[in-house]
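Step one of this worksheet: look at the structure below.
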Amino acid sequence: MKSARSIKIWTIISIGTLTISAISALAFGTVSASINKIDAFAGLKDRPGKASSAVNYLIVGSDTREGLTKEELAQLRVGSVKSAAGKRSDTMLLVHISKARDKAVIVSIPRDTYALIPEHKNAQGKVIPAKHSKINSAFNWGGAPLLIQVLEEMTDLKIDHYVEVNFAGFADVVDALGGIEVCTKKDINDPKSHLVLEAGVHNLNGIEALKYVRTREFDGLGDLGRMQRQQQFISSVLRKATSAGVLLNPITMVNFINSSLSAVITDSGLKSSDLITLAKQMKSLSTSKVRTLTVPLSNLYYNANGITASVLWDPVLAPELWQRLKEDRAVIDEVTPSPSPSSTATAQATIIDKFKTKTAADDPCK
């Protein structure tokens, strides 16, 4: 798959902002940060229905350079704010929170997903006919509303809320937590992300973390390898944010809250009070109850309608995944065999994980 100019980030705010920050705000008082809003659902019609009270968040990483210092821009080697005007997104997460608020599923959606971009108006108001492209084009051409429209049409899953995170916000949140631990089994020397790490365990600061989650050129796995590392990174953040060292440290916690809230742009319907209510409901959520996965794929090098090197969703597994989330059903199956008449032992359940999920409690560094 093609490399892209922009830094690809998997936002760590997906669960942290929605749970840990709000819960801790209740304990440590009012925080100073405010949340920026946009009309993410402007003009959307004929949207999917809801089958349950589960909540779906679309988390998007924006590559805007706004907020980065000259020193940080130099460290990242991503060009200036002027030379990279505007913003693009090459990564996105769908975060599904169960109706009981006791489980969460984080689905990564490849930026090169083959998609039909519907008819829309460009920034100048000109009507652009429907055409096939990679899914990241939807955000580039029409921002959050067009991206949400495409995803809802492809999944038949209603997006309830939208969260966008930029470079600077990502780095600030990592620094507020005192860095994040990652491990690599291979040496990393990536000419695109400019990250150099020896095999082993490392604690990365914000800028180093940005380099880590964009790395894709050192192991031959391209975007798939990068997505695996990004999912591991999200899990590391969740473990750090829910650790006693953070939860029981008022200064660290408030810094984390302020960094998280100031780092994001959300849809205009998402209120601070909604986050606090959600946090109260999710206070018992553990990292073992957070599952991460990539939407099932059937073709990693799909070419059609003039679009090359795209990825195609699995025509059987992907619809099943979206239907399970729509109905708020588990993404793994536990099958308990019937015990034999002569056996007194308790039958052990077999886990069937057709979507190849991991949990945030999994720690590859141990």
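For a protection proxy built on the mean count of beta-carbon atoms within 10 angstrom, sort 52-61, 328-337 highest first, please.
52-61, 328-337
Within straight cross-link reach of Lys356, meaning Cα distance under 19 Å, which aspartates and glutamates are found once same-chain residues fewer than 8 apart are removed?
Straight-distance partners of Lys356: Asp223, Asp314, Glu320, Asp328, Asp333, Glu334.
Taking H as built 1.01 Å from N, whose amide H comes closer than 5 Å to the amide H of Asn299, not counting residues under 5 places away?
Leu312
Just order 191-197, 39-45 by mean Cβ neighbour count inside 10 Å, highest at the front, would you?
Most protected by this proxy first, the peptides run 191-197, 39-45.
With θ taken as phi - 60° and the coefficients 6.51, -1.76 and 1.60, list the Karplus ³J(HN,Hα) couplings across the range 219-228 in order, rounded to whole Hz; mark glycine and proline as x.
10, x, 9, x, 5, 5, x, 5, 5, 4
Mind giving me the nanometre distance, one decimal, between the label points for Leu116 and His194, set 7 Å out from Cα along Cα→Cβ?
Using points 7 Å along Cα→Cβ, the separation is 4.3 nm.
Compute log10 of I(q)/I(0) for the range 202-265 with the Debye formula, placing one identical point scatterer on every Cα and leaving out solvent, at q = 0.27 Å⁻¹, to two decimals.
Log10 I(q)/I(0), no solvent term: -1.21.
Which distance in nm do the two modelled labels at Val335 and Gln124 give, with both placed 7 Å along the Cα-to-Cβ direction?
Result: 5.8 nm between the two label points.
For the range 108-206, what does the relative contact order come out to in percent, with C-alpha contacts under 8 Å and a separation of six or more?
18 percent
Subtracting the Cα-Cα distance from 0.36 nm times the residue separation, let me have the gained length for Val316 to Asp363 in nm, one decimal.
Separation in residues times 0.36 nm, less the Cα-Cα distance, equals 13.9 nm.
Using the beta-carbon distance between Ala100 and Asn205 and R0 = 45 Å, what value does 1/(1 + (r/R0)^6) give for FRET efficiency, to the nearest 0.05?
The computed FRET efficiency comes out at 0.75.
For the range 192-267, what's the relative contact order in percent, using C-alpha pairs closer than 8 Å and at least 6 residues apart?
Once divided by the residue count of the range 192-267, the mean separation gives 19 percent.
Could you derive backbone 3J(HN,Hα) for the range 114-128 from the dihedral phi with the Karplus parameters 6.51, -1.76 and 1.60 (θ = phi - 60°), listing whole Hz in sequence and x where the residue is Gly or Pro?
Running phi through 6.51 cos²θ - 1.76 cosθ + 1.60 with θ = phi - 60° gives 6, 8, 9, 8, x, 4, 7, 9, 7, 4, 8, x, 7, 6, 9 Hz.
Laboratory data are not the source of any read-out in this text; all were calculated from the coordinates shown. Computed from a predicted model, the values in this text were never measured in an experiment. Neighbour counts run over all protein chains shown; Cβ positions are idealised from the backbone, glycine included.
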